[in-house]
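So the structure is just underneath, and the comments pick up after that.
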Amino acid sequence: MTRQEGKMRYPIVIERGSDAEAYGVVVPDLPGCFSAGDTFDEAVSNASEAIALWVEDAIDNGQSIPRPSSLDGLRASLEWSGPEWIWGFASVDPTLFDDTSERVNITLPRRVLARLDSRAKDAGETRSGFIAKLALSA
């Protein structure tokens, strides 16, 4: 994994844009993950968002998350050779991949807590499980 300053970096391939066309971005390690932007900077920023959404969706669907490949290995591919492609990296927060449980302390009014517990019980969930499910479905 390529990490820098607490971020994970995925190699990206950027198709040059112009005044009339957006910059296109492909994330070779994540099948179907792509984005675009009107400027180079916007394209890279949007690639980071696309990666985060791709990872979130994969985790929600029980899929494994491919590790970032080496840039040199990807650059050897004929699929993205030529002057129309620019190589770069998009950074993502590695906590997106972390399923470690963490104890938290929250404060809720008693009436809200009672409603929450009732709905969790009806759903056959624990309070924590029900809160997590609500957060992930929003």
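Checked against (1) within 30 Å of GLU15 (Cβ to Cβ); (2) assigned to a helix (DSSP H, G or I); (3) of a type in the set (Ser, Thr, Tyr), SER91 passes all but condition (2). Do the conditions hold for ALA135, that is, is it among the small types (Gly, Ala, Ser) and either in a loop (DSSP other than H, G, I, E, B) or exposed (fewer than 10 other Cβ atoms within 10 Å of the Cβ) (or both)? Criteria met by ALA135. Look at (1) loosely packed, with under 13 Cβ neighbours inside 10 Å; (2) part of a helix (DSSP H, G or I) and you find that ALA52 fails only one, number (1).
Condition (residue is over 30 Å from GLU125 (Cβ atoms) and either of a type in the set (A, V, I, L, M) or without any contact (Cβ under 8 Å) to a residue 60 or more places away in the chain (or both)) applied to segment 84-106: is it met by at least one residue? Checked segment 84-106: at least one residue is over 30 Å from GLU125 (Cβ atoms) and either of a type in the set (A, V, I, L, M) or without any contact (Cβ under 8 Å) to a residue 60 or more places away in the chain (or both). Within segment 4-43, being within 16 Å of GLY73 (Cβ to Cβ) and part of a strand (DSSP E or B) holds for ARG9, TYR10, PRO11, ILE12, VAL13, VAL26.
Restricting PHE40, PHE34 to those that are more than 30 Å from LEU136 (Cα to Cα) and of a type outside the set (Gly, Ala, Ser) reduces the list to PHE40. Test THR100 against the stated conditions and say whether it is under 29 Å from LYS133 (Cβ atoms), surrounded by fewer than 18 Cβ atoms within 10 Å (Cβ to Cβ) and within 20 Å of the chain's Cα centre (by Cα). Taking the combined requirement at face value, the residue satisfies it. Among the residues examined, ARG127 qualifies as surrounded by 10 or more Cβ atoms within 10 Å (Cβ to Cβ) and either charged (D, E, K, R) or outside the structural domain of TYR10 (by TED's automatic domain parsing) (or both). Listed conditions (1) out of contact with any Asp or Glu (no Cβ under 6 Å at 6 or more places or on another chain); (2) basic (Lys, Arg); (3) farther than 29 Å from ILE131 by Cα are all met by ARG111, apart from (3).
The values are calculated or read from the model by the stated rules, or taken from the named source; none is laboratory data. Note that this is a predicted model, so its numbers are computed, not measured. Glycine gets a Cβ as well: all are built from the backbone with ideal geometry, and neighbour counts include every protein chain shown.
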